[in-house]
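Below is one structure, written out as structure tokens; the observations come after it.
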Amino acid sequence: MTLASRWPPASLLGGLDDRVRRDMLSLGQSVRVRDGDRLLRAGDPATHVYLLLLGWFKVHASRATGDEALIAVRSGGDLVGELAAFDAKPRAVSVRAVGPGVVRRIEREDFLAFLTAHGGALRAVLRAVSAKQRWTTRRLSELTGAAVDRRVACVLAELVEKDPPPDSGGTVPVRLSQPELAALSGTSVPSVQRVLRRFRKDGLVETRYRRVVVTDVPALVRYAGVESFVDIFTTTAEPR
């Protein structure tokens with residue numbers, strides 16, 4: 001397995017030039033995290049960023065009522081905390097690990113100095129930020145118009161793309177509970193349950209405790225209304 005193949009091509013690390021990737025992976029210190037560990041807390045100062053190497057991580061925003069809303073999921077190859085690092089303002093979101101994972105904690109000053117010295121890395125990070133914004137815009141558009149089953153299919157397809165390559169059986173687990181899947185899809189838990197029953201009947205997924213296993217990735221992508229994962233994510237690949 002090559003270093004680049006450890007992460008999806010659409011992720012920051014998966015799209016970097018080999019040399020720049022090695023240099024970026026030398027920054028900071030490696031940290032192993034456990035399920036529920038908090039990487040970032042909304043309102044905290046931007047002292048560091050995290051480069052995600054392995055695992056799943058949930059991004060939450062605080063509501064006016066005091067509770068938290070799940071707004072995104074990040075995985076290996078992604079970067080979190082970069083926006084606050086750029087503008088030096090308090091963090092807008094919290095990030096927690098979903099199961100065990102490995103990250104690199106990079107101090108803000110070292111991160112910014114690295115980007116100043118490596119134009120390719122800076123462009124890749126900016127493209128990754130733009131991709132996150134496009135994903136948010138797409139999601140808001142889907143929530144206002146698409147049918148519930150297509151919204152759920154889109155969320156599952158997007159998350160499948162962010163997971164490591166499928167195992168030999170061709171299945172991909174999505175580590176979200178049904179309430180969390182409902183939150184990302186902008187619908188209710190009963191609606192998600194109804195959609196998943198239909199997807200199970202059609203052979204697209206299996207449901208297990210706090211996860212959905214996608215058993216037919218191509219069919220799910222077609223159901224979501226896109227031709228390939230390239231239509232879901234804009235790659236961050238640096239020209240070789």
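Would you list the strands (runs of 3 or more DSSP E) that sit entirely within the range 136-239 and hold 3 or more residues that are β-branched (Val, Ile, Thr) and at pLDDT 75 or above? Talk me through it step by step, then tell me what you get.
Details: elements: 172-174, 205-208, 211-214.
Of the strands (runs of 3 or more DSSP E) lying wholly inside the range 136-239, those with at least 3 residues that are β-branched (Val, Ile, Thr) and at pLDDT 75 or above span 211-214.
Criterion first (surrounded by 16 or more Cβ atoms within 10 Å (Cβ to Cβ) and at pLDDT below 95) does Gly43 satisfy it? Steps first, please.
Numbers: surrounded by 16 or more Cβ atoms within 10 Å (Cβ to Cβ): no; at pLDDT below 95: yes.
No; evaluated as a whole, the condition is false for this residue.
All but one of (1) over 27 Å from Ser177 (Cβ atoms); (2) among the small types (Gly, Ala, Ser); (3) under 12 Å from the mean Cα position of the chain (by Cα) hold for Gly55; which doesn't?
Going through the list (1) over 27 Å from Ser177 (Cβ atoms); (2) among the small types (Gly, Ala, Ser); (3) under 12 Å from the mean Cα position of the chain (by Cα), Gly55 breaks only (1).
Where the second residue is in a loop (DSSP other than H, G, I, E, B) and of a type outside the set (Lys, Arg) and the first is surrounded by fewer than 20 Cβ atoms within 10 Å (Cβ to Cβ) and lies in the range 174-188, which pairs have Cβ atoms under 6 Å and are six or more apart or on separate chains?
none
Could you list, ordered by first residue, the pairs with Cβ atoms under 9 Å in which the first is in the range 62-89 and in contact (Cβ under 8 Å) with a residue 12 or more places away in the chain and the second is part of a helix (DSSP H, G or I) and among the hydroxyl-bearing types (Ser, Thr, Tyr), at least 6 apart or interchain?
Final answer for the pair search is Ile71/Thr136; Ala72/Thr136.
Can you say whether Arg32 is of a type in the set (Lys, Arg) and under 29 Å from His118 (Cβ atoms), as far as the supplied structure shows? Spell out the reasoning first.
Details: of a type in the set (Lys, Arg): yes; under 29 Å from His118 (Cβ atoms): yes.
Yes; evaluated as a whole, the condition is true for this residue.
Do you know which residues across the range 85-116 are exposed (fewer than 14 other Cβ atoms within 10 Å of the Cβ), within 21 Å of Leu25 (Cβ to Cβ) and modelled with pLDDT under 95?
Pro100
How many residues does the range 49-84 hold that are modelled with pLDDT of 95 or more and either surrounded by fewer than 20 Cβ atoms within 10 Å (Cβ to Cβ) or aliphatic (A, V, I, L, M) (or both)?
Total satisfying the criteria: 6.
The values are calculated or read from the model by the stated rules, or taken from the named source; none is laboratory data. Here the structure is a predicted model, which means the values were calculated and not measured. Quick reminder, even Gly has a Cβ in these numbers, built from the backbone with ideal geometry, and neighbours come from all protein chains shown.
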